[in-house]
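The structure appears below as structure tokens.
Throughout, read-outs are computed from the coordinates displayed, never taken from laboratory work. Because the structure is predicted, anything quoted here is derived from the model rather than measured. No Cβ is skipped: glycine too gets one built from the backbone with ideal geometry, and neighbour counts run over all protein chains shown.
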Amino acid sequence: MSIEHRDDTGDRFGMWLFLYTEVILFSGLFILYAVSLANYPEQFSQASHKLNIYFGTVNTLVLLTSSLTIALAVSAIQMGRIKQTLILCWITVGLAIVFLINKYFEWSAEIGHGIYPGSEQLAEMGAGITVFFNLYYFTAGLHGLHVLIGATLIGVVAVMTAKGKVTSDRYVLLENSALYWHLVDLVWIFLFPLYYLIL
Amino acid sequence: MNETTTYTGFWQESPRPGILGWLLTTDHKRIGIMYLGCIISMFIIGAVLGLALRLELIAPGPTIMGPQTYNATFTVHGIIMIFMFLIPSIPAAFGNLLLPLHIGARDVSFPKLNLLSWYCYMAGLVLVIFAMFGGGGVPDTGWTFYVPFSTQTTTNVNLAAFAAFMLGFSSILTGINFVTTVHRLRCEGMKWGRLPLFVWTLYATAWIQVLATPMIGITLVLVILERTFGAGLFDAARGGDPILFQHLFWIYSHPAVYIMILPGMGVVSEMIPTFARKPLFGYWAMALSSLAIAFAGSLVWAHHMYASGMSDLAVLVFSFLTFIVAIPSAIKVFNWISTLHKGSIELAPPMLFALAFIFNFAIGGLGGLALGAAASDIHLHDTTFVVGHFHYVMFGGGGFALFGAMHYWLPKFTGRMYNHKVAAIGWALLFVGFNITYMAMQAVGIMGMPRRYYDYLPEFHTLNLVATIGSWMLAAGLIVMFVNLWQGLRKGAPIGKNPWGGATLEWAIPSPPPLDNFGPEDPVVTKGPYEFKGVVADEY
């Protein structure tokens with residue numbers, strides 16, 4: 001064995017470990033959510049109804065679709081269909097951008113109503129509502145950052161695929177990026193009901 | 001022996017020449033050496049700050065600094081010693097140097113990621129320097145960044161917190177790398193039951209690094225967001241909860257003390273069999289107790305918060321769980337002592353540090369039980385007893401283990417030996433000075449002296465004076481040790497492959513090791529790590 005060696009299983013293993021760390025990163029915010037919900041159940045419910053469920057629903061559909069396209073991209077590269085892989089990757093990146101634009105409009109509307117961390121209008125609405133929106137902005141913000149990172153990653157891998165560095169027998173990079181993208185999706189799958197639906 | 005005098009191994013073999021050969025290297029040995037250099041530099045800065053703190057406490061009233069300077073000094077001392085010295089010390093420096101050698105691999109699983117983790121460490125280091133000399137003033141929150149003070153003080157807390165975040169990221173990358181390496185790159189014949197104990201402890205540590213560190217990441221990010229937006233998540237007046245910060249903080253920071261001590265235990269478990277010429281007593285008990293410490297240690301965080309406000313039931317549960325951690329820790333201590341029993345003990349310098357580790361760790365561990373029991377903790381909480389206890393386990397344990405590792409393994413990596421007599425003198429100064437300093441600190445804590453004050457009541461004077469004098473002895477010991485190591489490792493007598501007679505894989509290859517570690521043939525392991533039959537120490 002030389003110093004430089006190839007170990008796809010090891011690469012996937014490492015990626016899964018990294019995904020654990022991401023789950024725990026978000027879990028801190030979910031713990032805060034759980035404790036705050038127990039403290040202010042009614043105010044959380046009121047605050048939740050202030051959110052626009054249409055924005056959330058559309059974004060859920062967008063992210064789920066993007067997870068499908070990136071999963072298909074992995075299947076495509078396994079079969080050696082480079083062109084299809086590229087199309088699917090860029091659709092995923094496009095959907096990520098749609099998600100972020102949607103998020104931008106949603107947040108602009110809310111900030112326009114004086115709802116943002118540290119605003120005085122928000123403070124007047126009561127402690128529970130303040131906590132809800134603080135957590136909403138921080139969690140969704142951190143998630144949005146992950147969308148940005150994930151989309152960049154997929155874009156880079158798409159370029160590498162076009163250059164022939166990612167191929168049908170060397171595709172662990174695309175696979176790992178897809179895993180990361182599924183994590184972004186997964187976090188949203190928990191985030192969406194907690195903030196928009198169940199209260 | 002002529003061969004070893006001219007042979008320079010990985011120090012010369014490099015795909016790139018000069019300084020770039022270091023800054024862009026992916027060789028685990030070079031990265032380990034770079035980590036070690038940074039870590040020792042940070043330790044020296046932290047130690048000077050610690051000496052300044054002790055000097056301030058030599059007499060009641062302000063002596064060399066006022067309250068604000070004192071607060072800033074202990075904060076920076078803590079941040080440097082915890083995040084930049086103890087957490088990366090043995091795992092990042094000696095873990096990188098030795099993990100691949102111990103399991104018969106040519107490098108870690110992700111060599112580039114390994115280099116990236118070093119750059120994350122350097123980024124954290126630069127940020128801490130900015131935090132110290134930047135405009136807002138030196139952070140004064142203590143290394144724990146407790147809210148509400150940390151969200152209100154005008155000092156450079158954002159920079160310091162972000163530095164700790166970057167250092168945490170570096171630690172996570174190292175952890176991911178090590179877990180994957182242990183799973184994937186063990187050489188032929190290196191079964192789990194043949195792993196050296198150092199690898200087992202690194203493995204357990206790496207899991208803590210992976211699973212616990214993100215929690216401090218998100219917590220510190222929240223502190224920064226609080227300071228930037230004034231959101232109030234940890235502010236009781238605005239619906240937040242400061243106690244929640246403490247929970248999130250300790251969910252990482254308690255397991256983090258096991259990141260600091262577990263690899264030290266691994267180092268000691270390597271040295272004791274070698275210098276007792278006996279297989280380690282209870283191999284599997286030692287291996288599994290490392291995992292047990294990592295696991296149980298993740299469930300005890302709230303014992304830092306008995307005085308913060310928790311239900312009696314929670315106090316009881318966390319107190320009970322804390323006592324559970326004592327079991328695997330005690331298994332280790334008893335097994336080391338059983339290994340020594342009827343052994344052919346050689347008191348070489350690394351062995352002295354290993355024995356000092358056991359002594360200091362036993363005292364620190366027993367003090368930990370006094371703090372883990374709720375009744376005595378309420379009395380001891382926030383006294384210098386806590387500080388003394390922490391230094392007993394972290395410095396007397398983790399620090400001494402690092403010094404032991406330096407005496408044990410650095411000759412392997414430089415190919416030269418230091419002076420043993422001077423090393424023993426340095427050790428004696430360190431050991432005696434250490435115990436004087438921190439035993440006095442524990443005693444004055446039991447009398448009721450609170451920690452983190454630059455001033456104290458007259459009745460605490462004698463013991464504080466004793467502790468300060470002890471700290472000078474400690475400093476003298478450090479100087480003797482570092483000078484001796486530096487001179488010996490550069491100009492000392494050349495050594496062969498195996499100066500101590502160790503049976504693990506690194507002793508079968510040249511000193512210093514070549515770039516590809518094992519030469520053209522991959523190693524094949526046929527026996528356990530502590531089977532000394534037929535292993536003979538080289539003369540030097």
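Subtracting the Cα-Cα distance of B:TYR540 and B:SER41 from 0.36 nm times their residue separation leaves 176.7 nm of extension gain.
Estimated from the Cβ-Cβ distance and a Förster radius of 30 angstrom, the FRET efficiency linking A:THR65 and A:ARG170 is about 0.65.
Counting charges near B:GLN152 (Lys, Arg +1; Asp, Glu -1) among other residues having Cβ under 10 Å from its Cβ returns a value of -1.
Once R0 is set to 41 Å, what does the formula 1/(1 + (r/R0)^6) return for the Cβ-Cβ distance between B:LYS342 and B:ILE129, expressed as a FRET efficiency to the nearest 0.05?
So the FRET efficiency works out to roughly 0.20.
Multiplying each eigenvalue of the alpha-carbon gyration tensor of the protein assembly as shown by 5 and taking the square root yields semi-axes of 43, 36, 22 Å, largest first, rounded to whole angstroms.
Dividing the summed -39500 (n - 2.57) terms of all DSSP H runs of n ≥ 4 by the residue count of chain A sets its mean residue ellipticity at 222 nm at -28500 deg cm²/dmol. In the frame of its principal axes, chain B has Cα extents of 69, 46, 45 Å, reported largest first. Listed by Cβ neighbour count within 10 Å, with the fewest neighbours leading, B:GLU521, B:GLU459 appear as B:GLU521, B:GLU459. Label reach from B:VAL48 (point 7 Å along Cα→C-beta): in segment B:74-92, amide nitrogens under 14 Å belong to B:77.
Per-residue mean of foreign Cβ neighbours for A:21-30 is 6 (Cβ atoms of other chains, 10 Å radius). With a cut-off of 14 Å between beta carbons, the residues surrounding B:LYS112 carry a summed charge of -3, where Lys and Arg count +1 and Asp and Glu -1. Compute the FRET efficiency between B:ASP312 and B:LEU366 as 1/(1 + (r/R0)^6), taking r as their Cβ-Cβ distance and R0 = 25 Å, and round to the nearest 0.05. That gives a FRET efficiency of 0.50. Sites listed here are trypsin sites (Lys or Arg not before Pro) in segment A:61-130 whose DSSP assignment is loop and whose Cβ has at most 16 other Cβ atoms within 10 Å: A:ARG81.
Semi-axes of the equivalent ellipsoid of segment A:26-197 are 37, 14, 12 Å, computed as sqrt(5λ) over the eigenvalues of the C-alpha gyration tensor in descending order. Sorting B:VAL432, B:VAL128, B:VAL480, B:VAL182 from the fewest to the most surrounding beta carbons within 10 angstrom yields B:VAL432, B:VAL480, B:VAL182, B:VAL128. Size descriptor for segment B:1-132, Kirkwood hydrodynamic radius: 17.0 Å (Cα pairs only, one decimal).
Taking other Cβ within 10 Å of each residue's Cβ, how do B:ILE45, B:ILE337 sort, fewest first? Present the calculation step by step, with values, prior to reporting the outcome.
Numbers: B:ILE45 18, B:ILE337 13.
Sorted ascending by nearby Cβ count, the order is B:ILE337, B:ILE45.
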